[in-house]
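**Q** Just dropping this structure here.
The values are calculated or read from the model by the stated rules, or taken from the named source; none is laboratory data. From a predicted model like this one, the values you see are computed outputs, not experimental measurements. Cβ placement follows ideal geometry from the backbone for every residue including glycine, while neighbour counts extend to all protein chains displayed. Note: areas computed on protein heavy atoms with side chains; ligands, DNA, RNA excluded. Shrake-Rupley method; radii C 1.70, N 1.55, O 1.52, S 1.80 Å.
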Amino acid sequence: MKIATWNVNSLRARADRVEAWLQRTDCDVLAIQETKCKDDNFPWELFERMGYEVAHFGVSQWNGVAIASRVGLDDVERTFLDQPVFGKNGKDAVQEARAIGATCGGIRVWSLYVPNGRALNDEHMPYKLGWLDALRAHAEGRLQAEPEAQIALMGDWNIAPQDDDVWDIDYFRTEGLTHVSEPERAAFRAFENAGFLDVVRPHTPGPGVYTYWDYTQLRFPKKEGMRIDFVLASPALAARVTGAAIDREERKGKGASDHAPVIVELSD
DNA sequence: ATGGTTGGGATCCAA
């Protein structure tokens, strides 16, 4: 069985790429981030054609998460327990479409698009940290209630947990950039402390191994990327992992997303 | 030559 996560940066713009990728990768469950659409213009037929059930959570042209599965898709949850809302200057706070969960083939799968944070002193940063803490509390609660549960927290975490997860940590420090700050890294570690494991890194060791390359500055050809997309697995699920890969090829060519898909292989 | 992109109820905002 294969499960994967992919920030597609607009599902409509990427429809042909996604279809071709599903075709050749033959994966059973795909967690998608940044569909950038509402249900009205979601490409339902693409997944139908390919034999996948799909659940989507999209409220505007921003964000949007989905789960496609051909091993069942049950008990869909849109947003997690106490998921924080966001509004500029604290006004008109809305629940953003950043988390969807479903049970697929016995695995509780979450497709997650962690808030970007934007800048260390931006109001999006406390939102990001609070969002992560609430997700951690939710996931930890589920795991404590059922220690044998198979849970996959996968998506775009917008955090580079280690210095080698960016091409030049000094550049990030000098510029005072997000994704590498101690509070963000602490928020990520809290998931590991709660019992969730990064099951991809052991199969794709760095340095120089990334999941995202900025469109600007010719980051991809210059091999200047970031490892920010992760699959965190509960212990029972982690025990089933037989391999993992980052599909860097998918970042190549015209019409690529700025993120590569991340795939995890599981024993039956 | 020190920049260079891509996407969206778009002509700016987000990444």
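**Q** Taking A:L143 as the residue in question, decide whether it is away from DNA strand B (no atom under 15 Å from the Cβ) and open to solvent by less than 30 Å² (accessible area, probe 1.4 Å).
**A** Working: away from DNA strand B (no atom under 15 Å from the Cβ): yes; open to solvent by less than 30 Å² (accessible area, probe 1.4 Å): yes.
Yes: the conditions hold for A:L143.
**Q** Does region A:9-26 hold any residues that are away from DNA strand B (no atom under 16 Å from the Cβ) and open to solvent by 40 Å² or more (accessible area, probe 1.4 Å), and which are they? Let's see the steps before the verdict.
**A** The first filter runs over region A:9-26 and keeps only residues away from DNA strand B (no atom under 16 Å from the Cβ), leaving A:22-26.
The answer is A:Q23, A:R24, A:D26.
**Q** Here's a follow-up. If you go through region A:223-268 one residue at a time, how many are without any contact (Cβ under 8 Å) to a residue 60 or more places away in the chain, within 27 Å of A:I169 (Cβ to Cβ) and within 16 Å of DNA strand B (Cβ to nearest atom)?
**A** Residues meeting the conditions: 5.
**Q** Counting only residues that are aromatic (F, W, Y) and within 17 Å of A:W6 (Cα to Cα), which one in region A:105-140 is least open to solvent (accessible area, probe 1.4 Å)?
**A** Per the criteria, the residue is A:W110.
**Q** Among what's in region A:69-80 and is on the phi < 0 side of the Ramachandran plot and in a strand (DSSP E or B), pick the residue that is least open to solvent (accessible area, probe 1.4 Å). Talk me through it step by step, then tell me what you get.
**A** So the first thing to find is which residues in region A:69-80 are on the phi < 0 side of the Ramachandran plot, and the list is A:69-71, A:73-74, A:76-78, A:80.
Filter once more, keeping what is in a strand (DSSP E or B): A:69, A:74, A:76-78.
On the way: A:S69: 1, A:D74: 87, A:V76: 55, A:E77: 46, A:R78: 114 Å².
Here the answer is A:S69.
**Q** Give region A:81-104 a look and list any residue that's β-branched (V, I, T) and either on the phi > 0 side of the Ramachandran plot or open to solvent by less than 30 Å² (accessible area, probe 1.4 Å) (or both), or say none. It would help to see each step written out before you state the result.
**A** Going residue by residue through region A:81-104, those that are β-branched (V, I, T) are A:85, A:94, A:100, A:103.
Passing the criteria: only A:I100.
**Q** While we're looking at this one, here's another question. Which of the residues that make up region A:160-179 are in a loop (DSSP other than H, G, I, E, B), closer than 16 Å to A:P207 by Cα and in contact with a Gly (Cβ under 9 Å, 6 or more places away or on another chain)? Talk me through it step by step, then tell me what you get.
**A** First, the residues of region A:160-179 that are in a loop (DSSP other than H, G, I, E, B): A:160-162, A:167-168, A:176-179.
Then keep just the ones that are closer than 16 Å to A:P207 by Cα; that gives A:160-162, A:167-168.
Across region A:160-179, the qualifying residues are A:Q162, A:W167.
**Q** Quick one: is A:W6 touching a residue at least 40 places away in the same chain (Cβ under 8 Å), within 15 Å of DNA strand B (Cβ to nearest atom) and not in a helix (DSSP H, G or I)? Before the answer, list the steps.
**A** Values: touching a residue at least 40 places away in the same chain (Cβ under 8 Å): yes; within 15 Å of DNA strand B (Cβ to nearest atom): yes; not in a helix (DSSP H, G or I): yes.
Criteria met by A:W6.
**Q** Can you pull out the residues in region A:215-240 that are among the aliphatic types (A, V, I, L, M), at pLDDT 95 or above and open to solvent by 30 Å² or more (accessible area, probe 1.4 Å)?
**A** The initial filter retains those residues of region A:215-240 that are among the aliphatic types (A, V, I, L, M), namely A:218, A:226, A:228, A:231-233, A:236-239.
Now narrow it down to the ones that are at pLDDT 95 or above: A:226, A:228, A:231-233, A:236-239.
Selection gives A:A239 alone.
**Q** Also: Looking only at region A:27-43, which residues are within 8 Å of DNA strand B (Cβ to nearest atom) and touching a strand residue (DSSP E or B) at 6+ places or on another chain (Cβ under 6 Å)?
**A** Within region A:27-43, A:E34 is the sole residue that qualifies.
**Q** Output the residue which, of all residues in region A:104-135 that are part of a helix (DSSP H, G or I) and among the charged types (D, E, K, R), is nearest to A:L177 (Cα to Cα). Walk me through it before giving the result.
**A** Kept after step one, since they are part of a helix (DSSP H, G or I), are these residues of region A:104-135: A:124-135.
Now drop any that are not among the charged types (D, E, K, R), which leaves A:128, A:133.
On the way: A:K128: 14, A:D133: 21 Å.
Once the filter is applied, the top-ranked residue is A:K128.
**Q** Pairs, please: C-beta under 6 Å, at least 6 apart or cross-chain, first residue more than 16 Å from DNA strand B (Cβ to nearest atom) and in region A:156-173, second open to solvent by less than 10 Å² (accessible area, probe 1.4 Å)?
**A** Cβ pairs passing all conditions: A:P161/A:F188.
**Q** Taking interchain pairs and intrachain pairs at least six residues apart, which have beta carbon atoms under 7 angstrom, with the first residue in region A:47-68 and within 16 Å of A:T25 (Cα to Cα) and assigned to a loop (DSSP other than H, G, I, E, B) and the second within 16 Å of DNA strand B (Cβ to nearest atom) and open to solvent by 30 Å² or more (accessible area, probe 1.4 Å)?
**A** From residues that are within 16 Å of A:T25 (Cα to Cα) and assigned to a loop (DSSP other than H, G, I, E, B), the pairs are A:M50/A:E19.
**Q** Any idea which residue in region A:203-214 is most open to solvent (accessible area, probe 1.4 Å), counting only those that are in contact (Cβ under 8 Å) with a residue 24 or more places away in the chain and under 14 Å from A:P161 (Cβ atoms)?
**A** First, pick out the residues of region A:203-214 that are in contact (Cβ under 8 Å) with a residue 24 or more places away in the chain: A:203-204, A:206-214.
From what is left, the residues that are under 14 Å from A:P161 (Cβ atoms) are A:204, A:206-207, A:209-212.
Working: A:T204: 16, A:G206: 44, A:P207: 96, A:V209: 37, A:Y210: 20, A:T211: 1, A:Y212: 38 Å².
Per the stated criteria, the residue is A:P207.
**Q** Can you name the residue in region A:241-254 that is open to solvent by less than 40 Å² (accessible area, probe 1.4 Å) and outside any strand (DSSP E or B) and, of all such residues, is nearest to A:R17 (Cα to Cα)?
**A** Result: A:E250.
**Q** Suppose we keep only residues that are in a helix (DSSP H, G or I) and among the acidic types (D, E) within region A:180-202. Which one would you say is surrounded by the fewest Cβ atoms within 10 Å (Cβ to Cβ)? So that I can check it myself, show each step before the final result.
**A** To start, the set of residues in region A:180-202 that are in a helix (DSSP H, G or I) comprises A:182-193, A:201-202.
Narrowing further to those that are among the acidic types (D, E): A:182, A:184, A:192.
Working: A:E182: 8, A:E184: 23, A:E192: 13.
Only one residue tops the list, namely A:E182.
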